[in-house]
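Bear in mind these aren't lab numbers, they're just calculated from the coordinates by the rules spelled out. A quick note: this is a predicted structure, and the numbers were derived from the prediction, not measured. Glycine gets a Cβ as well: all are built from the backbone with ideal geometry, and neighbour counts include every protein chain shown.
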Amino acid sequence: MKSLFKKYYHSTLRPDEFSEVSELITDKRKESAISGLMKGFWDNEMNNADVPPRENPILFKRIKEAIWIERNKVAQRKIRIYGWAAGVAAVLVVALLVSNIIFYQHFDTSKLASQHQTISTPYGAKTNIDLPDGSSVWLNSGSTITYPVNFGNRRTISLTGEAFFDVKKSNSPFVVSTRDGDVVVKGTSFNVRAYPDEEIYETTLVEGVVDFKPKSGTEVLTLEPGDQLRKVSEGFRIEEVDTKYSTSWMEGKLIFNREAFPTLITKLERWYNVKINYKDSELDKLWYSGTIEMESISEVMNMISMSAPVTYSFDRKTRVFTLKYYTEGEN
């Protein structure tokens, strides 16, 4: 292990060795041993006045940015990932790899405006993020956001998928940009749903006031608390709703109110990280109302089969459920 960390310290690791070091660093049982190893390298470096400089421009640039961010409390992120389905584990590994650190008194912080952070959540997981301005974001399954590590006069977030935003009040506009349009606020709480694999677009406002600017057209639509903006065939429509149906996923549950069967299946696939296939068009006519919270995917399938004319099978190797429409008289 000593030779491995020596190569790590001198930035000469191979990709496979880097993976091995990352695993060791995240093993809490080895914290003491690793600390002792690295301390020896650091002490030797600090006591050696004749250490020749070793240049690594890319690494050095990243280190300077990390130092500036830490000193100014910018882009601090607290990420929590939750897994739901049995056998599904969402693991976040955070490794801080530092070598050849040199502190500079001056740093051009304007360059950080062009640096962006992208965070994605896989199916079967959700993520909570603190943005550089102190705003909070819950990112739902199968979703991605991109944002600058240093907000300027305009706080712009790019979203693909679904997220709930609790925006810190500021004179700087906070903009959530999606394929269908931009949601513009200054301080409020709202949910945006804009998955790339479905035609649905929704913005649901919990607190405050938001403006929606469609990508096509110049009309600006304003939402008040309890309003939901939806994409329809003729454009966008605002209606009053119970916001819990759009925000309950943050609390680890899904609440459905006459949910169309195709949409129900899509949400279950993301929630449990499984594939659910069906071909019978009769199933598209069904709808479902109810709450899913602690149930496993198998329990959910049983619930559906008991409340609707549906049978199912499951392939454990591919994790694929196959649904069939059941007619009276079939065995």
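Among the GluC sites (Glu not before Pro) in the range 170-228, those placed in a DSSP loop whose Cβ has at most 13 other Cβ atoms within 10 Å are GLU198, GLU199, GLU219.
Computed from the C-alpha gyration tensor, the three semi-axes of the ellipsoid equivalent to the range 269-328 are 18, 15, 10 Å, from longest to shortest. Packing, taken as the mean count of other beta carbons within 10 Å per residue, orders the peptides 292-299, 153-160 from highest to lowest as 153-160, 292-299. Extension gain, GLU31 to ARG319, is 100.0 nm, computed as 0.36 nm per intervening residue step minus the present C-alpha separation. For the listed peptides 253-259, 129-135, 316-322, a ranking on the average number of other beta carbons within 10 Å per residue, highest first, reads 129-135, 253-259, 316-322. Between ARG230 and THR218, the simple label model (points 7 Å from Cα in the Cβ direction) yields a spacing of 3.0 nm. The charge dipole of the range 236-331, taken about its Cα centre with unit charges on the Cβ atoms of Lys, Arg (+1), Asp and Glu (-1) only, comes to about 420 debye.
Once you order the gyration tensor axes a ≥ b ≥ c over the Cα atoms, which shape class does the range 171-285 get: rounded for a/c under 1.5, otherwise prolate or oblate by comparing a/b with b/c? In terms of gyration-tensor shape, prolate.
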